[in-house]
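The values are calculated or read from the model by the stated rules, or taken from the named source; none is laboratory data. Treat the numbers as computed from the prediction; the structure is a model and nothing was measured. Note that each Cβ is placed from the backbone with ideal geometry, even for glycine, and that neighbours are counted across all protein chains shown.
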Amino acid sequence: MKLPYWVLTNDLQQRGIRVDYKDLNYEVLDSETGSKFVRAIREYDELLTKYSIHYEPDEYDCDDYALAFKTVCAFNKFTCAYAEGSLYLNRELVGRHAFNLIPWMVGTNLVWLVVEPQVLGVYGYSWFSMLGTYNRNGSILGLYVYVVDYVWL
């Protein structure tokens with residue numbers, strides 16, 4: 001399902017998130033097209049394995065993983081946003097972090113799927129969290145709380 005940019009940008013901006021966009025329309029997943037997401041995760045996992053990608057500070061770290069996953073999603077023809085924000089563990093700031101947000105229509109509601117691309121190769125597609133009511137308090141993903149402040153659609 002295609003949505004105009006302003007639907008996504010308005011939704012994120014109402015949540016206090018700064019947004020950049022490059023296109024006028026975005027392909028958003030729903031129950032009928034969700035298999036594209038599973039396929040993208042499988043392809044992303046295969047790429048990490050094929051090129052022996054592993055975390056290296058300042059060489060291949062969170063922003064590189066997030067950009068790579070955004071690219072694989074683009075090849076599968078659906079929207080995956082690059083997101084930046086703060087990461088907390090036990091209410092303590094761990095630091096700045098990059099990850100992905102995927103817009104998903106559930107009925108008539110737009111929700112955001114938070115994806116941690118650094119661990120997809122370890123945990124597969126079970127490592128994600130639905131965001132139906134995302135706000136500045138963040139989203140819990142595993143043991144961490146993610147607070148988004150910037151998104152590039």
How do the pairs read when you match residues in region 22-35 that are within 17 Å of A74 (Cβ to Cβ) with residues anywhere that are of a type in the set (A, V, I, L, M, F, W, C) and part of a helix (DSSP H, G or I), using Cβ under 7 Å and keeping only pairs 6 or more apart or on different chains? Y26/L8; L29/F37
Is it the case, given these coordinates, that V122 is assigned to a helix (DSSP H, G or I), farther than 22 Å from L29 by Cβ, out of contact with any Leu (no Cβ under 7 Å at 6 or more places or on another chain) and at pLDDT below 95? yes
How about region 66-86: which of its residues are at pLDDT below 95 and assigned to a helix (DSSP H, G or I)? none
Is it the case that some residue within region 18-40 is touching a helix residue (DSSP H, G or I) at 6+ places or on another chain (Cβ under 6 Å), aromatic (F, W, Y), under 14 Å from E116 (Cα atoms) and at pLDDT below 95? no
Kindly provide the set of residues from region 71-97 that are closer than 23 Å to Y5 by Cα and touching a residue at least 40 places away in the same chain (Cβ under 8 Å), ordered by number. N76, K77, F78, T79, C80, A81, Y82, A83, E84, G85
Which of the residues that make up region 43-66 are surrounded by 15 or more Cβ atoms within 10 Å (Cβ to Cβ) and either free of Cβ contacts under 8 Å to residues at least 24 places away in the same chain or more than 21 Å from A98 (Cβ to Cβ) (or both)? Y60, D64
From the set of residues in region 73-119 that are among the hydroxyl-bearing types (S, T, Y) and within 18 Å of D11 (Cβ to Cβ), which is nearest to the chain's Cα centre (by Cα)? Y82
Taking the residues in region 1-42 that are in a helix (DSSP H, G or I) and of a type in the set (G, A, S) as candidates, determine which candidate is surrounded by the most Cβ atoms within 10 Å (Cβ to Cβ). A40
